[in-house]
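J.: Pasting a structure below so you can have a look.
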Amino acid sequence: MAQLLSFRVYLSAETQKASSESLKRTQKTRKPFSPGRRGPVAPPRKPQNLNLEVSPHRAVSAVRLMRIEYGGAFADLLNEKGKGSGSNEMSYVERTIGFRTRDLDDRDLRLVTDVVGGTIRWRRFLDHLIGSLCHNERTFRNMEPLLLQILRIAVYEIIKLDMPSYAVVDENVRLAKVALRPGAGDFVNGILRKLVSLKEKDALPLPKVEGDDRAQARALATLHSHPVWMVRRWVKYLGLDEATKLMIWNNSDPGFSLRANTGRDITRADLVERLESLKVPHELSLNLEEFVRIKTGLQTVVQAGLLKEGFCSVQDESAGLIVSVVKPQPGERIMDACAAPGGKTLFMASCLKGQGMIYAMDVNEGRLRILGETAKSHQVDGLITTIHSDLRVFAETNEVRYDKVLLDAPCSGLGVLSKRADLRWNRKLEDMVELTKLQDELLDSASKLVKHGGVLVYSTCSIDPEENEGRVEAFLQRHPEFSIDPVTSFVPSSFVTSQGFFLSNPVKHSLDGAFVARLIRAL
Ligand SMILES: C[S@@+](CC[C@H](N)C(=O)[O-])C[C@H]1O[C@@H](n2cnc3c(N)ncnc32)[C@H](O)[C@@H]1O
């Protein structure tokens with residue numbers, strides 16, 4: 001669980017800044033949190049105020065959604081008002097809505113995961129329906145945050161999970177009544193009854209894809225619940241059909257891959273044996289001999305301690321294929337220039353067969369510390385040296401050269417939206433300009449660390465041509481001493497682009513989207 005938690009912490013740290021900005025934005029359009037009314041932060045109450053009437057998964061989901069949407073700012077507010085550490089989820093629930101529910105069992109936990117992930121993904125679509133059913137636009141715009149989360153959960157359950165409507169209406173009305181006030185319950189009841197009646201008549205108020213490009217993009221963005229700028233960008237680069245398929249992929253339940261920790265002499269056969277004993281359905285990866293795919297059962301793997309004991313890692317095959325392009329060899333000195341939290345560092349270290357060194361650099365000290373700790377549990381710490389530095393500063397002040405440099409650059413993450421449910425709402429078009437500038441600077445710095453005849457690998461978890469091919473082309477113009485080494489001999493041919501780069505396409509390969517260029521420095 002600790003590993004999964006750190007995995008989650010990593011994800012939320014990435015989105016922390018954007019989340020607090022989202023709170024600021026939301027506060028401009030919605031009524032601000034007010035301690036005086038039953039908003040997200042209720043006054044401190046008697047401990048152990050237990051309510052057995054409200055369904056636990058809905059109460060916990062509503063609170064978790066608040067924490068995700070309002071991020072650090074919401075947690076800080078809770079700490080101020082609730083005087084608690086905030087580490088225990090049920091204490092968050094109590095301080096937010098005024099009571100605890102019974103503890104979650106495994107079924108509830110699965111429901112919370114489904115409901116929270118789905119409600120975040122489908123937010124734009126759900127808000128469209130809720131907004132259409134409100135009396136007027138102001139009612140929707142000024143809706144208090146907790147009430148909105150309860151409505152989003154209910155609409156998601158009715159429309160996307162197809163749960164029995166009467167139960168969903170009753171349960172969410174009750175939650176609104178006890179967590180807010182009786183009038184809030186009546187309001188939820190009114191909206192949901194209208195929704196159910198329209199659903200039964202197959203007359204949901206959905207936009208039509210028609211009009212000019214902008215109007216079509218807006219309709220698609222609502223129907224498939226993505227930001228309009230992303231839809232416009234993908235329609236431009238991929239065409240309407242592929243863009244639509246990509247959005248459908250992003251809204252589907254993600255599968256996961258596990259990598260057997262060969263650095264500890266654990267083979268894929270060992271991993272398969274453990275999965276069979278845990279009754280976790282799995283498939284062998286056709287692309288990588290250390291990897292196994294699972295669609296369900298990650299929680300079982302975590303609970304059985306496989307991650308904690310360093311038996312295996314959760315790693316997407318696309319990340320594994322990036323390491324295939326680096327192809328670490330025993331005895332090599334490899335700089336992993338943007339290494340944390342270290343998935344690729346660990347895999348590269350396990351390829352060294354005890355000889356050589358991975359220098360794992362990152363500007364983020366906390367994440368680098370996690371990398372160091374995981375390296376110990378994977379028993380590859382003797383092959384990894386961590387360096388806390390900004391790559392740009394390090395490259396200016398160090399003469400040292402490496403056989404290979406991997407630059408797994410900070411990027412938009414547009415290839416991993418199926419796993420990172422909230423990321424689509426935290427990214428902005430302006431980010432792309434900042435990111436491509438940073439990617440250029442990091443590429444220039446990384447190139448200085450490559451020995452003559454050495455290899456520079458540039459990778460992203462994005463499918464955006466401007467972050468991928470665009471950056472490599474611009475780099476080669478600035479650095480004629482580098483040339484493209486086609487990845488043909490490192491990965492299966494279906495991943496190789498016409499320019500000799502690696503590209504995993506979520507729709508085509510059923511993997512996260514990722515890009516890799518292998519560049520050689522002239523002797
Ligand atoms: C895509 S993540 C790397 C993921 C990692 N390679 C893995 O497989 O787990 C990008 C990383 O770049 C780091 N980073 C961003 N700017 C940096 C800089 N100027 N110097 C060094 N690291 C930087 C971030 O802290 C982040 O950990």
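The values are calculated or read from the model by the stated rules, or taken from the named source; none is laboratory data. The model shown is predicted, which means the values in this text are computed figures rather than measured ones. With ideal geometry, Cβ positions are generated from the backbone for all residues, glycine too; neighbour counts draw on all protein chains shown.
Matching residues to (1) under 19 Å from the mean Cα position of the chain (by Cα); (2) under 19 Å from SER318 (Cα atoms); (3) buried (at least 17 other Cβ atoms within 10 Å of the Cβ):
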| residue | (1), (2), (3) |
| --- | --- |
| GLN216 | no, no, yes |
| LEU220 | no, no, yes |
| TYR237 | no, no, no |
| GLU242 | no, no, no |
| ASN250 | yes, yes, yes |
| ASP253 | yes, yes, no |
| ALA260 | no, yes, yes |
| ARG264 | no, no, no |
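J.: Which residue pairs have Cβ atoms under 7 Å apart, sit 6 or more places apart or on different chains, and have a first residue in region 379-400 that is not assigned by TED's automatic domain parsing to the domain that holds LEU307 and a second that is in a loop (DSSP other than H, G, I, E, B) and of a type outside the set (A, V, I, L, M, F, W, C)?
T.: Hits for this filter: GLN379/GLY310; LEU383/GLY356.
J.: Further question on the same structure: Among the helices (runs of 4 or more DSSP H) confined wholly to region 100-204, which include 2 or more residues that are over 27 Å from the mean Cα position of the chain (by Cα)?
T.: By residue number, 123-133, 137-141, 165-179, 182-200.
J.: Counting only residues that are within 28 Å of SER510 (Cβ to Cβ) and crowded, with 24+ Cβ neighbours inside 10 Å, how many does region 345-370 have?
T.: 6
J.: For region 351-381, give me each residue that is touching a Leu at 6+ places or on another chain (Cβ under 8 Å), outside any loop (DSSP other than H, G, I, E, B) and more than 9 Å from the ligand (Cβ to nearest atom).
T.: Within region 351-381, MET357, ILE358, THR374, ALA375 qualify.
J.: Further question: Wholly within region 382-497, which strands (runs of 3 or more DSSP E) include no fewer than the required count, namely at least 3 residues that are over 25 Å from the mean Cα position of the chain (by Cα) and either closer than 24 Å to ALA349 by Cα or within 14 Å of the ligand (Cβ to nearest atom) (or both)?
T.: In region 382-497, 384-388, 402-408, 450-460 are the strands (runs of 3 or more DSSP E) which contain 3 or more residues that are over 25 Å from the mean Cα position of the chain (by Cα) and either closer than 24 Å to ALA349 by Cα or within 14 Å of the ligand (Cβ to nearest atom) (or both).
J.: Within the group GLY413, GLY453, GLY500, which residue is on the phi > 0 side of the Ramachandran plot and either surrounded by 18 or more Cβ atoms within 10 Å (Cβ to Cβ) or in the same structural domain as GLY117 (by TED's automatic domain parsing) (or both)?
T.: Only one candidate passes the filter, namely GLY413.
J.: So, one more: Has region 301-322 got any residue that is buried (at least 23 other Cβ atoms within 10 Å of the Cβ) and more than 16 Å from the ligand (Cβ to nearest atom)?
T.: Yes: region 301-322 contains one or more residues that are buried (at least 23 other Cβ atoms within 10 Å of the Cβ) and more than 16 Å from the ligand (Cβ to nearest atom).
J.: Could we say that LEU246 is touching a residue at least 40 places away in the same chain (Cβ under 8 Å), outside any helix (DSSP H, G or I) and either hydrophobic (A, V, I, L, M, F, W, C) or under 23 Å from THR119 (Cα atoms) (or both) here?
T.: no
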